[in-house]
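Asker: First, the structure itself, so that you have it in front of you.
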Amino acid sequence: MTVANLKRLDKYIRQIQDPFGTGFLILKRMIAETAEKYGLSASQLIQKYVAWKWVK
């Protein structure tokens with residue numbers, strides 16, 4: 001997973017209204033589909049995303 005892919009994921013996550021409330025199912029599905037696309041588990045994808053955001 002490249003930085004460009006993480007940026008694209010970040011863009012989509014930012015478009016979700018209330019991602020940890022009513023939009024959580026959308027966020028969960030997006031994470032699952034993206035993780036499957038790149039051959040990662042959902043937790044691995046979240047770790048990469050958080051690490052990228054932390055450094056940014």
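Asker: Surrounded by 10 or more Cβ atoms within 10 Å (Cβ to Cβ), closer than 17 Å to Lys53 by Cα, in contact (Cβ under 8 Å) with a residue 12 or more places away in the chain and out of contact with any Ser or Thr (no Cβ under 8 Å at 6 or more places or on another chain) - does that describe any residue in region 17-25?
Answerer: Within region 17-25, none of the residues are surrounded by 10 or more Cβ atoms within 10 Å (Cβ to Cβ), closer than 17 Å to Lys53 by Cα, in contact (Cβ under 8 Å) with a residue 12 or more places away in the chain and out of contact with any Ser or Thr (no Cβ under 8 Å at 6 or more places or on another chain).
Asker: A further question on this structure: Conditions: (1) at negative phi; (2) modelled with pLDDT of 95 or more; (3) not β-branched (Val, Ile, Thr). Gly39 meets all but one. Number of the miss?
Answerer: Condition not satisfied by Gly39: (1).
Asker: Also, I was wondering about something else. What about Arg8, is it of a type in the set (Lys, Arg) and surrounded by 10 or more Cβ atoms within 10 Å (Cβ to Cβ)?
Answerer: Values: of a type in the set (Lys, Arg): yes; surrounded by 10 or more Cβ atoms within 10 Å (Cβ to Cβ): yes.
Yes.
Asker: Being within 16 Å of Lys11 (Cβ to Cβ) and within 10 Å of the chain's Cα centre (by Cα) is the filter here, so list the residues in region 22-47 that pass it.
Answerer: Scanning region 22-47 gives Leu27, Met30, Ile31, Glu33, Thr34, Leu45.
Asker: Which one of Val50, Val3 is exposed (fewer than 11 other Cβ atoms within 10 Å of the Cβ) and touching a residue at least 24 places away in the same chain (Cβ under 8 Å)?
Answerer: Working: Val50 fails: touching a residue at least 24 places away in the same chain (Cβ under 8 Å).
Sole residue among the options that is exposed (fewer than 11 other Cβ atoms within 10 Å of the Cβ) and touching a residue at least 24 places away in the same chain (Cβ under 8 Å): Val3.
The values are calculated or read from the model by the stated rules, or taken from the named source; none is laboratory data. These figures come from a predicted structure and were not determined experimentally. All Cβ positions, glycine included, derive from the backbone under ideal geometry; neighbour counts span all protein chains shown.
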